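Heads up: the structure comes next, in structure tokens.
The values are calculated or read from the model by the stated rules, or taken from the named source; none is laboratory data. Fair warning: this is a prediction, and the values are worked out from it, not measured in the lab. So basically every Cβ, Gly included, is an ideal-geometry build from the backbone, and we count neighbours across all protein chains shown. For the accessible areas, the whole protein counts, side chains as well, though only heavy atoms, and no ligand, DNA or RNA atoms are used. Shrake-Rupley method; radii C 1.70, N 1.55, O 1.52, S 1.80 Å.
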Amino acid sequence: MLDKKYDFKEKEIKWMNYWNDEKIYEFKKDQREVYSIDTPPPTVNGKIHIGHIFSYSQAEMIARYKRLKGFNVFYPFGFDDNGLPSERLVEKEQGKKAHEIGREEFSKLCYDTTTKYESDFKKLFKRAGFSANIDNAYKTVSPSSTKISQISFIELANKGACYHKESPALWCNECLTSIAQAELETKTIQTMFNYINYETTDGETFTIATTRPELIPAIVCVFVNPEDPVHNHLIGKTAHIPVIDVEVPILADEKVAIDKGTGVVMCCTFGDQTDIEWWKKYNLPLKNIFTNDGKIVDSVKNYGGLTIKEARAKIIEDFKEAGYLVKQEELEHEVQVHERCGKEVEYTVMNQWFIDIMNQKQDFIDIGNQIKWYPDHMHIRYNEWVENIMWDWCISRQRYFGVPFPVWYCKKCGKVKLARIEDLPVNPLVDQPTTPCECGCNEFIPEKDIMDTWQTSSITPLINMRYGEKDNYEDILKPMSLRCNAHDIIRTWDFYSIVKSFYNFGAKPWENVMISGFVMANKGEKISKSKSNSKMEPFELLDEYGADVVRYWAGSGKLGTDIVFNDETFLRGKKLINKIWNVSKFIEMHLADYEDKEFNDFEYIDKWVIAKFNEMESGFIKYLDNYEMGLALNHLEKFFWNFCDNYIEIVKHRLYRPEEFGDIPRYSGQKTVYMILYKLLQDFSIFFPFITEEIYQELYHDQKSIHLTNIKEFDYDFNNELINGDKLNMIISQVRGEKSNNNMSVKTPVKSLKLSLSDELNDAVNKAIKDFKATLFLEDLTINKTDKDFVIDEIILDLDATN
RNA sequence: GGGCGAUUAGCUCAGUUGGUUAGAGCACCUGCCCUACAAGCAGGGGGUCGUAGGUUCGAGUCCUACAUCGCCCACCA
């Protein structure tokens, strides 16, 4: 017997353990078609927020749907624990910077800390009813991931797709590492636009405008546009920069915007992207005046040793004092900052490893075109990113905790020495190459840098297929069926994965990409950036509402669309769960003597509701096939409430009173509720794995778990009853309305009802006459003919009846 | 400045390929404890579908322009 009230606290733990013990979701190769899901390994930075539940649940629902459809679902899980996010977490917890702790100890701390936080994530996802392989989660920093990551790297290097070069790169002087374009964010800052006078050596004064006067000591030339009538006569002259007392040439370039600032630009190596372009194009000298930790190098007179900000203030002061500062304007503009720390990025020139992006853009677009994107417009977003990218992918990081490059440099000739595949994984700081350099030298300098964390997380398809191992899944995971993630990492995870798949295999990594939205705390306020709000803490929500209700919220809404957190949706979910429980209790009550057997003598209303179910489920499946789990749920929910409020209200009389209606009509009702509840539970199990399991085990139990059953269409085709059954229900509804308008109970007897009906509807009413009369508490029915569907001519209520 | 999305009831949102009187939940109002459920049931009020044009027999839905909001990117001279 189902309990009077559903206690999610008790039941959810029970079924969580049951699924675990019985290995309900375990993957084993068999003859079934595989559906594989490449789910994002969460970044382990300590913060678990409701956004995790939201987008991960949506993919989880797809896993459950595909399982119900008969696929052998391969649903691995992992953690992205290497790299800067983990390092920053540890630095914060220790209150010390990595270099103060020391490389080895720091790495160990990172490993231990991430493992600790991962266990919280595992708990969370299990409690939320995730059917992924959580216990065997991979770590992107583990030896096996390291090995695969290094194999991938070596394959790229051997193909010439990956190169080592001294080149300008984006630099974060907070995190002390180079970074990639994808790791940038834009931030609006208030700054000062400074107008400063320079002079030509023949005595003409001209003005430049800059927001970054501290870069003046790095000036290498001045540019004007050759089309600029006011300034083009300066071209070819030499500019004298006061205060710092240097002379630089004045050159022409059409990229200078005449109407921006003063129309005269100084080029410093490097202040921005354009400076780098000009530096390459005109072969300009290099004046690297910043130290890696954001100070002016000592060799700069007067300013050496100052921080960038201090230098900015002092230079302005000096130019002002000398009379060269013409004016200052307040300016609000966007600057690029490092997404991990929010600090403005600089540029630096050093030896780095890069993956070729710029030469293969079209291939990346082509692969994007071979993948189906849900929703479709996210594909455009991907294309936009690829088209606008400006740098090769810098994968070197001057950090500690991550995958080491399997690389040494020959001490004698300097040549790059790659590790042999069979020797992987290697750590060049500890291990030595197993063969000498081509030049014969046996001494090597190890590569100290580690790889960008995306270099490894972009190969989750390879990690999932255990690439390079003997016992692998390459045959079933090339390509994987589905990649799912939120829209913030299209440009990183999705893009880089496509890059890697292109270089490693020359093929797409997945068939489909499903992009979920973001949870917003308020309109325009990302949850990850809002202050912690206990109302939205995942564990507290799970405690208060239970996993099924939390999943209801997560599964609502439209794919790819951001949602604002609101607790009305939780309330709605709570009501739905409660209703599922209650109607199941009702049905169980009437199945005490039920035996399932072949039966074809269904009552009219039973045929109608079976047809309604079929109609609903085909729409339901259509939504799910398009990864629209929110719309699918909505669709199912709508049917379900109608089923309870309309159909159950009709059939209950027949179920309660066989002496009045007969045993066979009662059996028809029993069979109908038995079959429909089974299918409803299956459909709902995608969203509510716990309560559906509880009811399923109590009432059906034909498999070890509802999550091992398959959905099949009803064999019955009762579509003929659809339209007139709906109309019959409209009549019932209107008569009930009449009672309600008279402030009477729905049980108020109807003394007399006069209807005019079409022939078809007349036929339907006759077939369902007993149900019809019982539902309305109708005593006397008169039917006339009409060419309309129906007209209610007269309703006489028994007004003396006590409510 | 470029790209994408959104704009529908007081609030949160549905509205499948254009087709009768535009839907749901919450909130509000009126009733109803009827042997599954008051976390419920039966009803009700409430919308010129962002603005202006256009295509069409017919537009919330298609086209054009504009406005507002959000996201991504570019813009550090």
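Tabulate in residue order the Karplus-calculated ³J(HN,Hα) for segment A:597-607, using 6.51 cos²θ - 1.76 cosθ + 1.60 with θ = phi - 60°, rounded to whole Hz; enter x for Gly and Pro. Those phi angles translate into 8, 4, 7, 9, 9, 6, 5, 3, 5, 5, 4 Hz.
Overall, the accessible surface of segment A:1-125 at a probe of 1.4 angstrom is composed of carbon and sulfur to the extent of 49 percent. Once backbone amide H atoms are built at 1.01 Å from N, residue A:177 has A:172 as its partners under 5 Å, excluding neighbours fewer than 5 places away on the same chain. Report note on the peptides A:578-585, A:709-716, A:268-275, A:688-695: ranked by the mean count of other C-beta atoms within 10 Å, highest first, their order is A:688-695, A:268-275, A:578-585, A:709-716.
Just to be sure I understand the model, the point goes 7 Å from the Cα along the line to the Cβ. What's the resulting residue A:166 to residue A:133 distance in nm? Here the answer is 4.7 nm between the modelled labels.
With 28 Å as the limit on Cα-Cα distance, the pairs of A:69/A:597; A:4/A:69; A:9/A:597; A:187/A:478; A:47/A:470; A:343/A:448 that go past it are A:4/A:69; A:9/A:597; A:187/A:478; A:47/A:470. Pairwise Cα separations in segment A:429-484 fall into 5 Å bins from 0 onward with the following percentages, short to long: 4, 14, 15, 13, 14, 14, 13, 9, 4, 1.
Binning the C-alpha pair distances of chain A at 20 Å intervals from 0 yields a P(r) profile of 13, 35, 28, 15, 8, 1 %, listed from the shortest bin outward. The calculated FRET efficiency for the pair residue A:746 and residue A:116, based on their C-beta separation and a Förster distance of 60 Å, comes to about 0.55. Against chain A, whose longest principal axis comes from its Cα atoms, helix A:495-505 is set at around 80 degrees.
For residue A:324, neighbours were defined as the other residues whose beta-carbon sits under 10 Å from its Cβ, and their charges (Lys and Arg +1, Asp and Glu -1) total -2. Each Lys or Arg adds one and each Asp or Glu subtracts one; over the other residues with Cβ under 15 Å from the Cβ of residue A:227, this totals -2. Projected onto their three principal axes, the Cα atoms of segment A:571-678 cover extents of 46, 30, 21 Å, largest first.
Order A:164, A:487, most accessible first, counting only protein heavy atoms with a 1.4 angstrom probe.
Result, largest first: A:164, A:487.
Legend: translational diffusion of segment A:161-285 by Stokes-Einstein, Rh = Kirkwood radius over C-alpha pairs, 10 °C, 1.306 mPa s; D = 99 µm²/s.
Positive end of the dipole of segment A:726-801 (Cβ unit charges, origin at the Cα centre): among A:776, A:790, A:764, the Cα lying farthest that way belongs to A:776.
Remark: the residue A:539-residue A:252 segment gains 97.1 nm on full extension, using 0.36 nm per residue and subtracting the alpha carbon distance.
For segment A:230-322, the fraction of 1.4 Å probe accessible surface lying on carbon and sulfur atoms is 51 percent.
From most to least packed by mean Cβ count within 10 Å, the peptides A:653-664, A:68-79 give A:68-79, A:653-664. Modelled this way, with points 7 Å down the Cα-to-C-beta line, the labels at residue A:230 and residue A:388 are 3.0 nm from one another. Once the Cα-Cα distance is subtracted from the 0.36 nm per residue extended length, the residue A:108 to residue A:645 segment shows a gain of 187.3 nm. At full extension, residue A:330 and residue A:202 could sit 42.8 nm farther apart than now, given 0.36 nm per residue minus the alpha carbon distance.
Ligands, DNA and RNA are left out, and with a 1.4 angstrom probe the accessible area of chain A is 44 Å² per residue.
Our summary gives chain A a relative contact order of 15 percent, counting only alpha carbon pairs under 8 angstrom and 6 or more residues apart.
Given a cut-off of under 8 Å on Cα pairs at least six residues apart, what relative contact order in percent is computed for segment A:560-698?
Rounded, it is 31 percent for segment A:560-698.
The alpha carbons of segment A:712-776 occupy a box of 44, 30, 18 Å along the principal axes, longest dimension given first. 3J(HN,Hα) along segment A:297-302, derived from phi through the Karplus expression 6.51 cos²θ - 1.76 cosθ + 1.60 where θ = phi - 60°, amounts to 5, 4, 5, 7, 4, 6 Hz, with x in place of Gly and Pro.
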